[in-house]
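Worksheet: the structure to be examined is printed underneath.
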Amino acid sequence: MVRFPMLLKAVNGLFNMFYVLIILRIFMTWIPSIDWEQQPAKFIRIVTDSYLEVFRRFVPPLGGLDFSPIIAIIVLQILQGLITGAIGNL
């Protein structure tokens with residue numbers, strides 16, 4: 001039995017929100033006419049790029065395709081599992 005179900009829901013909600021923002025960021029890069037300085041594009045770029053830049057250092061674009069978001073999402077899923085598992089064991 002989980003002793004802190006509300007904390008677990010909140011943490012999962014934050015991770016899920018970040019997944020959505022990363023996926024939106026990916027889709028938005030496919031639209032060349034996006035003005036990245038206008039809201040909400042600017043917010044999504046600011047929030048996701050700091051995390052994605054970590055992976056872009058290790059996974060450069062191949063053939064014009066940026067695979068760093070895939071690696072970033074996989075790492076995020078691993079972190080989510082570790083953190084929620086730790087909360088579940090409290």
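Pairs please, first residue from the stretch 47-68 and assigned to a helix (DSSP H, G or I), second anywhere and among the basic types (Lys, Arg), Cβ atoms under 7 Å, 6+ apart in sequence or on different chains.
Qualifying pairs under 7 Å: Thr48/Arg25; Ser68/Arg56.
Among the residues of the stretch 26-43, how many are open to solvent by less than 60 Å² (accessible area, probe 1.4 Å), more than 17 Å from Leu76 (Cα to Cα) and under 17 Å from the mean Cα position of the chain (by Cα)?
Of the residues in that region, 2 qualify.
For the stretch 17-40, give me each residue that is part of a helix (DSSP H, G or I) and closer than 22 Å to Phe67 by Cβ. Outline the logic, then answer.
Initially, the stretch 17-40 is screened for residues part of a helix (DSSP H, G or I), giving 17-29.
Across the stretch 17-40, the qualifying residues are Phe18, Tyr19, Val20, Leu21, Ile22, Ile23, Leu24, Arg25, Ile26, Phe27, Met28, Thr29.
Could you list, in sequence order, the residues of the stretch 72-90 that are open to solvent by 70 Å² or more (accessible area, probe 1.4 Å), in contact with a helix residue (DSSP H, G or I) (Cβ under 9 Å, 6 or more places away or on another chain) and under 15 Å from Leu21 (Cα atoms)?
Result: Gln77, single match.
The values are calculated or read from the model by the stated rules, or taken from the named source; none is laboratory data. Note that the structure is predicted; figures quoted are calculated from it, not measured. Cβ coordinates were reconstructed from backbone atoms using ideal geometry, including for glycine residues, and neighbour counts include every protein chain displayed. The protein model used for the area step is the full one, side chains on, heavy atoms only, and it has no ligands, DNA or RNA in it. Shrake-Rupley method; radii C 1.70, N 1.55, O 1.52, S 1.80 Å.
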